[in-house]
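Structure record follows, encoded as structure tokens.
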Protein chains: 2
Amino acid sequence: MTIAEANEFRALCDRAGIAVTHQRQVIYQVLSGMHGHPSPEEVYGRVKVRIPAISLATVYKNIHVFIESGIFCTVSLHHGSLRVETNHSPHHHLVCTGCRSITDIAAGDLGLPVKAHKLRGGFLAQRYAVDVLGLCPECQKSVS
Amino acid sequence: MTIAEANEFRALCDRAGIAVTHQRQVIYQVLSGMHGHPSPEEVYGRVKVRIPAISLATVYKNIHVFIESGIFCTVSLHHGSLRVETNHSPHHHLVCTGCRSITDIAAGDLGLPVKAHKLRGGFLAQRYAVDVLGLCPECQKSVS
DNA sequence: TTGACAAACGATAATAATTATCGTTTACTA
DNA sequence: TAGTAAACGATAATTATTATCGTTTGTCAA
Ligand SMILES: [Mn+2]
Ligand SMILES: [Mn+2]
Ligand SMILES: [Zn+2]
Ligand SMILES: [Zn+2]
């Protein structure tokens with residue numbers, strides 16, 4: 001890694017209020033160089049090439065640190081367990097990143113198609129699932 | 001349950017090509033009577049009141065059967081494990097319900113706000129995460 | 001009705017993902 | 001450079017989910 005890259009990472013950690021460690025930097029670089037939507041295991045696999053002694057737990061911990069710091073984000077919120085939708089009317093979700101609550105909002109508001117149709121590229125869109133990520137009124141109080 | 005309800009459920013199972021069992025019907029009724037986005041454990045808790053001997057595995061199996069049959073659906077696709085987003089430009093996802101593949105699509109196409117703003121109701125929207133659920137070109141071939 | 005057969009069930013073992021614990025090492029700050 | 005908190009590695013524990021398997025039940029044709 002270049003001096004510039006190292007300084008950039010140092011600044012990044014400074015802003016996030018976290019320490020600059022070798023493991024953290026390698027995980028960051030590996031993630032930055034990956035495409036798509038890797039799982040923690042995949043990240044671990046790549047990091048291990050550079051730091052054979054690294055622990056899987058360290059990879060998990062740092063991924064969470066990056067996500068909490070807004071340096072990376074996740075693909076569609078992970079609710080820990082499967083959740084069944086009991087509301088059969090077309091709607092979407094307000095997902096609070098503070099308390100993890102999920103609230104329904106009517107679909108009409110977002111003006112997305114309801115009928116199945118084909119997108120350019122050939123993908124057959126059957127349903128739109130929109131998560132509006134943010135903070136509920138309660139959690140806005142706690143952060144301010 | 002009324003005769004009408006029982007017949008309705010029988011017809012539902014007929015269409016889905018699955019057997020009408022007592023457990024299945026109770027799970028269906030409990031789910032239909034629940035609000036929000038219950039986890040399998042929560043469903044299990046309620047079903048056990050009516051069928052104390054039921055197995056958690058049966059609840060899981062039937063939830064999956066209902067989802068495969070389109071009788072219920074899930075809240076935001078569950079990818080089995082945490083996934084890190086490596087694409088930092090604003091975009092959304094085409095999620096294939098056939099092969100579970102996740103493909104990026106540019107955000108511009110959907111015309112959703114990019115800046116944080118407050119919705120009526122007080123929720124502070126910071127980011128929109130749109131999953132377009134459907135079938136990729138490959139999987140469309142397999143089903144047809 | 002009834003019997004054969006497949007589907008579904010319950011119990012529980014197994015697996016996969018994630019988190020917690022804890023003793024050791026390392027980075028940050030004065 | 002020393003003190004302290006943060007981070008690390010190893011690994012145990014937890015949680016969610018799935019697989020296995022022997023038993024029971026629903027379906028359907030006779
Ligand atoms: Mn909902
Ligand atoms: Mn993406
Ligand atoms: Zn909240
Ligand atoms: Zn597909």
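Normalised by the number of residues in segment A:89-143, what is the relative contact order in percent for Cα pairs under 8 Å and 6+ residues apart?
41
Tell me, what is the percent relative contact order of segment A:1-117, built from C-alpha pairs under 8 Å that lie six or more residues apart? Before the final figure, lay out the partial values.
Values: 59 pairs, mean separation 15.7, N = 117.
Taking the mean separation of contacting Cα pairs over the length of segment A:1-117, I get 13 percent.
Given label points at 7 Å from Cα along Cα→Cβ, what nm distances, shortest first, separate B:ARG10 from the same residue in every other copy?
For B:ARG10, the other copies' label points sit at 7.7 nm, shortest first.
With a cut-off of 8 Å between alpha carbons and a minimum separation of six or more residues, what is the relative contact order of segment B:1-63 in percent?
For segment B:1-63, the relative contact order is 30 percent.
Any of A:LYS61/B:LYS115; A:LYS115/A:LYS141; A:LYS115/B:LYS118; A:LYS61/A:LYS118; A:LYS115/B:LYS115; A:LYS48/B:LYS141 with alpha carbons more than 31 Å apart? Name them for me.
Long pairs (Cα-Cα over 31 Å): A:LYS115/A:LYS141; A:LYS61/A:LYS118; A:LYS48/B:LYS141.
Quick one: longest stretch of chain A between exposed loop trypsin sites (Lys or Arg not before Pro), exposed meaning at most 10 other C-beta atoms within 10 Å and loop per DSSP?
A:1-114
Do me a favour and compute the ellipsoid semi-axes for chain B from its Cα gyration tensor, root of five times each eigenvalue, largest one first, whole Å.
That gives 35, 21, 15 Å for the three semi-axes.
Only Cα pairs within less than 10 Å get springs; with that Gaussian network setup on chain B, which residue of B:SER69, B:SER89, B:SER32 has the largest fluctuation?
Of B:SER69, B:SER89, B:SER32, the most mobile in the Gaussian network model is B:SER89.
Which percent, to the nearest 5, of DSSP beta bridges fully inside the protein assembly as shown are antiparallel? Write out the running numbers ahead of the final one.
Details: 29 of 37 bridges.
In the protein assembly as shown, approximately 80 percent of DSSP beta bridges are antiparallel ones.
Using only DSSP helix segments of four residues or longer, with each worth -39500 (n - 2.57), what per-residue ellipticity at 222 nm results for the protein assembly as shown after dividing by its residue count and rounding to 500?
Theoretical 222 nm ellipticity from helices: -12000 deg cm²/dmol.
Using θ = phi - 60° and the Karplus form 6.51 cos²θ - 1.76 cosθ + 1.60, what ³J(HN,Hα) does each residue of segment B:81-94 get, whole Hz, x for Gly and Pro?
9, 4, 10, 8, 7, 9, 8, 7, 7, x, 7, 10, 10, 9
Where the centre of each part is set by its Cα atoms, how far does segment B:34-89 sit from segment A:41-57, in angstrom?
32
Explain nothing, just the number: dipole magnitude of chain B about its Cα centre with +1 on each Lys and Arg Cβ and -1 on each Asp and Glu Cβ, in debye rounded to the nearest 20.
300
Can you tell me what share of the DSSP beta bridges in segment B:17-135 is antiparallel? A percent to the nearest 5 is fine. Mind dumping the intermediate values first?
Working: 7 of 11 bridges.
Among the beta bridges of segment B:17-135, antiparallel pairing accounts for roughly 65 percent.
Pop the C-beta distance of B:ALA57 and A:ILE18 into the FRET formula with R0 = 45 Å and round what comes out to the nearest 0.05.
About 0.60, to the nearest 0.05.
Between rounded, prolate and oblate, where does segment A:3-79 land on the alpha carbon gyration tensor, with a ≥ b ≥ c its root eigenvalues, rounded for a/c under 1.5, else prolate if a/b exceeds b/c?
Note, shape of segment A:3-79 comes out oblate.
Just so you know, all these numbers are worked out from the coordinates, no wet-lab data involved. Everything quoted here is computed from the prediction, not taken from an experiment. Backbone-built Cβ (ideal geometry, glycine too); neighbour counts: all protein chains shown.
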